[in-house]
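Structure record follows, encoded as structure tokens.
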Amino acid sequence: NNQTGNDENAGLSPDAPVATIAKAIQLSRTSDRLELKNTGIAYREPMLFRRLGGQPDRPFLVEGNGAVLSGLKVIEPSKWQSVKDNLYVLTLENTPYGNPYLVAQGKRLQESKNLESIEPEQHFWDRKNNQVYFRCTAGKQPGDYQLEATLTTSGFTLGSASYIICRNLICEHFSNDGFNIHGDCRGIRLENVVARHNGDDGISIHESGGLMVQNAYVHDNYYGIQDVNASRSVYNGVLAERNQIGVSLVGGYHSLVDCQIRNSAQKEIDIAGSNPKHLIGAEQNPLCKTILFAQNVSLFGNGNQMGLCVRNGASAIMEQSVISGSKTGLFVDRTSHCHLSRTAITGCPEILKCDSNNSFFDFNIYGAGRINWLGTVFQPDQWSAYLAASQLDQHSKMGTINIAEDGLVSIPADSTASGMEKNVGPTAPFTISIPHN
């Protein structure tokens, strides 16, 4: 309890809680339970487990009760030094790992690309010299902005810790990741969690760790989800929105089921094969090539680059899903493989661009848009020519379809896509219930 707790307490009851997460973890033993009191005030510290967890039959439980972990640290106005022309500099002992940034009155400040072009109410982070520059509006000083910085690296952090269930926890404003999992981590579960406004990833698992996530909201990070190396992850009921890239997978096996990824600045899903040098025999490990299974997934772009991008030897299996609103719905490079079935792609000028002769597409519906298959471009009125040339999509159709906000597909009676042999799109509407604070 960060309001009434005391680290001199034993922390064994709500009446005598400790004050800090660090003390609670210090007191914890295998298969214990750590519970946070949601006081409405963020816990400004990480939750770090190193070689502490549970067992398959008795996992360690972290109950967040909707509490917030924040990586923000208040910057005392006196620490800013005037440079010139309303420009101030803050010197730090070190720069935190990731993509740190400044916050003013609870809102992220825009970062300038370089010091020379910094505008009023922008900042520039000089990582080499551990300095942060901030330009005030004329007539103001840093103390007028309630400035804070993301000076803590990651929130819920595991280092070779296994069999942990974490639920009802919010991680925000960390320079790196909201939920960060490294090393020998087996049997990790996240339930009803939120990862928002983090400098790099909302959720990320590395090495050959195993993670299951059920019911999560990841938004306004750089990557909503980024799982790498030879990790294994299963996501059910996840909403990812307003990230630069919604889901990035670089090595490992991953499953997205009953998920919605939308309004990403660059791509909704980007998967790529990997060769992580720190893993033994990675170049010979099929798991490092990246495999994605996606079912009942809706990808809603807002004019961004791509819905689903499969590259560098990766494999994607997508079924009963929808892709809409990106410049290119689906891209598969020549080294990769995609198995696409019972999926709708619409609202994309380029429905698909496939440079791979090792892919399978059938029982899909495509809205009007061009198809680029092995370098040959087929316009919507060349649908028959595409079918003949590719010998793919022999049971697919091109025509008008409607996609609801929950991902469900409907086909107008007069559409050329009517009469499909099999239903296309998600089999159930997308729903999510998340903690709010």
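Please treat every number below as a calculation from the coordinates, not as lab data. Owing to the predicted nature of the structure, the values given are computational and were not obtained by experimental measurement. Counting neighbours? That spans all protein chains shown, and the Cβs are built from the backbone with ideal geometry, glycine included.
In terms of overall dimensions, the range 207-291 has a Cα radius of gyration and Dmax of 12.8, 37 angstrom. Between LEU352, LEU392, LEU211, which gets the highest mean-square fluctuation from a Gaussian network model of the chain, Cα cutoff 10 Å? With Cα springs under 10 Å in the chain, the top fluctuation among LEU352, LEU392, LEU211 is at LEU392. Restricting the calculation to Cα atoms, the range 1-106 shows an Rg/Rh of 1.10 when the hydrodynamic-style radius is the Kirkwood one. Loop-located trypsin sites (Lys or Arg not before Pro) in the range 257-313 (DSSP state other than H, G, I, E, B) with a sparse environment of at most 16 neighbouring Cβ atoms within 10 Å: LYS277. No solvent, one uniform scatterer per C-alpha: report log10 I(q)/I(0) for the range 276-344 via the Debye equation at q = 0.11, 0.18, 0.22, 0.25 1/Å, two decimals. At q = 0.11, 0.18, 0.22, 0.25 Å⁻¹ the computed log10 ratios are -0.31, -0.71, -0.92, -1.07. If the cut-off is a Cα-Cα distance under 27 Å, which lysines reach LYS37, setting aside same-chain residues fewer than 8 apart in sequence? Correct list for LYS37: LYS23, LYS73, LYS107.
Computed about the Cα centre, the dipole magnitude for the chain is approximately 460 debye when only Lys and Arg (+1) and Asp and Glu (-1) carry charge, each at its Cβ. Taking other residues whose beta carbon is less than 12 angstrom from the beta carbon of VAL234, and scoring Lys, Arg as +1 and Asp, Glu as -1, yields 0. Note: relative contact order over the chain, using C-alpha pairs below 8 Å and six or more positions apart, is 9 percent. Over the chain, dividing the summed -39,500 (n - 2.57) contributions of all DSSP H runs of at least 4 residues by the number of residues returns a 222 nm mean residue ellipticity of -1000 deg cm²/dmol. Computed from the Cβ-Cβ distance with R0 of 25 Å, the FRET efficiency linking ASN402 to THR427 stands at 0.90.
Within the shell defined by Cβ-Cβ distances under 12 Å, the residues around TRP125 carry a net charge of +1, with Lys and Arg each +1 and Asp and Glu each -1. According to the Cα-based calculation, Rg over Rh for the range 180-238 is 0.94, with Rh computed by the Kirkwood formula. Scattering from the range 1-50 was approximated by placing one identical point on each alpha carbon and applying the Debye formula without solvent; log10 I(q)/I(0) at 0.22, 0.27, 0.28 1/Å stands at -0.76, -1.13, -1.21. The ranking of THR328, THR4, THR153 by Cβ neighbour count inside 10 Å, starting from the fewest, reads THR4, THR153, THR328. Only lysines eight or more places from LYS327 in sequence, or on another chain, were considered; those with a Cα closer than 18 Å are LYS267, LYS353. The alpha carbon gyration tensor of the range 299-437 gives principal lengths a ≥ b ≥ c with a/c of 1.5 or higher and a/b no greater than b/c, which makes the shape oblate.
Take peptides 155-163, 111-119 and line them up by average Cβ neighbours within 10 Å, highest first, as a rough protection proxy.
Those peptides, ordered most packed to least, come out 155-163, 111-119.
Output the peptides 340-351, 120-131, 244-255 sorted from most to least packed, where packing is the average of other Cβ atoms within 10 Å over each peptide's residues.
Values: 340-351: 23.1, 120-131: 15.5, 244-255: 24.6.
Going from most to least packed, we get 244-255, 340-351, 120-131.
In a fully extended conformation the segment linking ALA104 and SER418 would gain 107.8 nm over its present Cα-Cα distance, using 0.36 nm per residue.
Applying D = kT/(6 pi eta Rh) to the range 75-150, where Rh is the Kirkwood radius over alpha-carbon pairs, T corresponds to 37 °C and eta to 0.692 mPa s, the Stokes-Einstein value obtained is 268 µm²/s.
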